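Okay, structure first, notes after.
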Amino acid sequence: MRLDVLFGVGALTPGDVAGRVVAVIDVLRASSTIATALANGARSIVPLESSDEVVLRSRQFERRDVKLAGERRMLPIPGFDLGNSPGEYTPEAVEGKTILFATTNGTPALVATQGARDVIVASYVNLKASLAFLRTAARGGADVMILCAGRERHFALEDAACAGRIVRGLMRRRPDVALNDAAQACVLLDRRYGDRLDLLFADAVHGRALAEAGFSADLDACAAIDAQEVVPVYYDRQITKLGPGWER
Ligand SMILES: O=C(O)[C@H](CS(=O)(=O)O)OP(=O)(O)O
């Protein structure tokens, strides 16, 4: 089995994901927000590449059925219902709703995974559930790609450390796993930080930027390991959650 990590969508080619099971990680904050929204009852999340696309797509829905959501430069988009803070995605706000979602890094990374066999959204908040899904896929012979959304299409420390945790989980009792160099580097990062996500976010440029912008509560939410037992699956241009038996 091959297990590769790729940092940022800038380097992604269709061949990297073709036929593979892909986990997209954007710890700060899109992956964590998506897992939280689905755990709190959102019907689905439609990842889009720009706020204009969100507005355009919303015209296909009854206004009461959708939430316009996302951020630009970390801040909520004027006129939208929700930003990119996991704490905003309460059951009261999202239950039964379709979330049209555009963020700087996370949603373009998801859209870039066309051609993959399966795509899931992983983060620290749904680590155990994501790992269980990927283990089953790997046991079935799938090759796995972990796509770290990163920041501004480049490397982000927090995504790499989270990828390292997943790589280590998948390698357990699997001596046959072939890792690329990025995956090996991620393992070292997870060994360095482990569960000390406070230290990880304090070292990470994106973590520091969010704290300085007043989003410290979001960092706490994104550090809540296994708080959400959901596997968000991106299929047919929308993200829904798999049930306990992984039925859609
Ligand atoms: O809202 C976020 O945390 C980021 C925006 S930025 O890169 O920090 O400006 O978006 P995301 O797509 O969730 O990484």
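None of the figures in this text is laboratory data; all of them are computed from the coordinates on show. In this text, all values refer to a predicted model and were calculated from it rather than measured experimentally. Please note: Cβ atoms are built from the backbone with ideal geometry, for glycine as well, and neighbour counts cover all protein chains shown.
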Please list, in chain and number order, the residues 5+ apart from Tyr235 or on another chain whose amide H is under 5 Å from its amide H, with Hs placed from the backbone. Thr240
Residue with peak Gaussian network fluctuation, the chain [Cα springs, cutoff 10 Å], from Ala213, Ala132, Ala183: Ala213
Going residue by residue through region 96-103, the Karplus relation 6.51 cos²θ - 1.76 cosθ + 1.60 with θ = phi - 60° gives ³J(HN,Hα) values, rounded to whole Hz and with x marking Gly or Pro, of x, 8, 8, 9, 8, 10, 10, 10
So for Glu62, Glu88, Glu95, fewest C-beta neighbours within 10 Å to most, what's the order? Glu62, Glu95, Glu88
Residue-averaged [θ]222 nm for the chain, counting only DSSP H segments that reach four residues, each worth -39500 (n - 2.57): -10500 deg cm²/dmol
Going by a ≥ b ≥ c, the root eigenvalues of the Cα gyration tensor, does region 150-248 fall in the rounded group (a/c under 1.5), the prolate group (a/b larger than b/c) or the oblate group? oblate
Can you pull the three principal axis extents for the Cα set of region 86-201, in Å, largest first? 45, 35, 26
Express as a percent, rounded to the nearest 5, the fraction of DSSP beta bridges in region 2-235 (both residues included) that run antiparallel. 20
Can you tell me how region 34-137 classifies by the Cα gyration tensor, rounded, prolate or oblate, using a/c under 1.5 as the rounded cut? prolate
Comparing Glu53, Glu158, Glu71 in a Gaussian network model of the chain (Cα, 10 Å), the one with the largest mean-square fluctuation is Glu53
Would you mind checking the tilt of helix 157-171 against the longest principal axis of the Cα atoms of the chain, expressed as 0 to 90 degrees and rounded to 10? 50
R0 = 35 Å: FRET efficiency of Ala211 with Lys128, Cβ-based, nearest 0.05? 0.85
Can you sort Ser50, Ser58, Ser130, Ser32 so the residue with the fewest Cβ neighbours within 10 Å comes first? Ser50, Ser58, Ser130, Ser32
Pick from Ala37, Ala202, Ala161 the residue whose mean-square fluctuation is largest in a GNM of the chain, springs joining Cα atoms under 10 Å. Ala202
Trypsin sites (Lys or Arg not before Pro) within region 40-132: DSSP coil, no more than 11 neighbouring Cβ in 10 Å: Arg59, Arg73
Please compute one quarter of the surface area of the Cα convex hull for region 2-235 and express it in square nanometres. 11.6
Measure nothing but the geometry: give the 0 to 90° angle between the long axis through the Cα atoms of 127-139 and the longest principal axis through the Cα atoms of the chain, rounded to 10°. 50
Using the alpha-carbon centroid of each, what span in Å lies between region 17-74 and region 94-128? 6
Helix 30-39: angle to the longest alpha-carbon principal axis of the chain, degrees 0 to 90, nearest 10? 70
